[in-house]
Every structure is written in C-alpha cells, then in structure tokens.
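Asks: First the structure, which I've put down as structure tokens, then a few questions once you've had a look.
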Amino acid sequence: MMRTAIFPGSFDPFTVGHASIVKRGLPMFDRIVIGVGVNDNKRSFMTPEERVAAIARLYANEPRIRVVAYNDLTADLVRREQASFILRGLRSVKDFEYERDIAAMNNRLSGVETVLLFTEACYSDISSSVVRELIAYGKDVSAFLPRPE
Ligand code: ADP
C-alpha cells in the first residue's frame, strides 16, 4: 500500500515555507500530491495554471511529487488520489484552531489523518499574503520564493 499524502493549499504563491514542509514531509511518505486549491470566490494573484506550473518546475526532478489543481473539497482529492494523509504546516497558535477544525472535518468526510509539521523558526513570518503585499509595493521577494533543487 502506497503511503500518499496530499499537501493542499492556495500556494498563491508557493513560498520557501511551503517548500520546507514538502522537503521535511517527503521522508514520511511514498509520494506527496501538492493540491492547488481553486477557489472562485477568492481573487488570486497567480492563476491556478501558473501556480501548478511554477510548483511542478521546482519538483521536476522528484518523481515522488506531483502537482494538481482541484476545485472541489480536499476530502474529494484525498479519495481520488487514494491518499491516507493530509500534510499541513503550523506557524503559530493562530494557525492552530483553524487546522484542528479542518483536520477534524476532513477526517469525518474521508477518514484521512492530518499530519502537521511545525514551521522552521526562520520561516515562521512568511506567508503568501505577505509575499503578495511586498510584490505589490515593488519589493524584491526572491529570498521568499524557492528555487529548483
Ligand atoms: P491555505 O489557504 O489552505 O491556508 P496556504 O497556501 O496559505 O493555504 O498554506 C498551505 C499550508 O502551508 C498551510 O498548512 C499553512 O499553514 C502552511 N504554511 C504556509 N506558510 C508556511 C510557513 N512559512 N511555514 C510552515 N508552514 C506554512
């Protein structure tokens, strides 16, 4: 039985904080499917296609990582990919209650277990929304965006 984890998120854009979670999660699973959630109600910075392409480029040399877009529930993606785990990151107590509630609901919907990894301290202040704000004001964000390994 393949141990598959879904790493779901908006990834608008995918940051070094996200890349750290993927890198540290990889030894725990046979494969990780990075699921780019498409939310029509949320105005996005990059299109879902751009986000998928950018992330896929990062992991082009890692056959155990796949990137897909999805526009239904994470629990539905879990079933499609026959995954047993959801991988998520935890930066602070602010993230905690939100993550606990979606983990409980996803478990209810598809029996999946959520595995949470603490952020690396050096990335605890990095979020996609902060990176978007810096870009909007013309700042150099290259330090926050991962490069292919
Ligand atoms: P969502 O919109 O579903 O919260 P995000 O793209 O913002 O999606 O984040 C996806 C996951 O990555 C979440 O579990 C989030 O807590 C985690 N994450 C985001 N930034 C970091 C970071 N700097 N360090 C660790 N985990 C992070």
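Coordinate-derived values only; no laboratory data. Since we're looking at a predicted model, the values are computed, not measured. Reconstructed Cβ throughout: ideal geometry from the backbone, glycine too, with neighbour counts over all protein chains shown.
Asks: Mind checking the angle between helix 93-110 and the chain's longest principal axis? C-alpha axes, 0 to 90 degrees, to the nearest 10.
Replies: It is inclined by approximately 40 degrees.
Asks: While we're looking at this one, here's another question. Semi-axes of the equivalent ellipsoid of region 26-110: what are they in whole Å, largest first, if each equals the square root of 5 times a C-alpha gyration tensor eigenvalue?
Replies: Taking √(5λ) for each eigenvalue gives 21, 18, 14 Å, largest first.
Asks: Related question: With +1 on each Lys and Arg Cβ and -1 on each Asp and Glu Cβ, how big is the dipole of region 34-139 about its Cα centre, in debye rounded to the nearest 20?
Replies: 140
Asks: Quick check of the Kirkwood formula: for the chain, what is the inverse mean of 1/r over all pairs of different Cα atoms, in Å?
Replies: Roughly 15.7 Å, rounded to one decimal.
Asks: Compute the acute angle (0 to 90°) between the alpha-carbon long axis of helix 48-58 and the principal axis of greatest extent of the alpha-carbon atoms of the chain; round to the nearest 10°.
Replies: So the inclination is approximately 90 degrees.
Asks: For the pair Lys23 and Glu50, what calculated FRET efficiency results from E = 1/(1 + (r/R0)^6), where r is the Cβ-Cβ distance and R0 = 25 Å, to the nearest 0.05?
Replies: Calculated transfer efficiency: 0.65.
Asks: Based on Cβ point charges of +1 for Lys and Arg and -1 for Asp and Glu, what charge dipole magnitude is obtained for region 8-73 about its Cα centre, in debye rounded to the nearest 20?
Replies: For this selection, approximately 240 debye.
Asks: Exposure proxy check: Lys94, Lys23 ranked by fewest other beta carbons within 10 Å?
Replies: By the 10 Å Cβ count, ascending, the order reads Lys94, Lys23.
Asks: Please name which of Ile135, Leu116, Pro148 has its Cα lying farthest along the dipole of the chain towards the positive end, using unit charges on Cβ (Lys, Arg +1; Asp, Glu -1) and the Cα centre as origin.
Replies: Pro148
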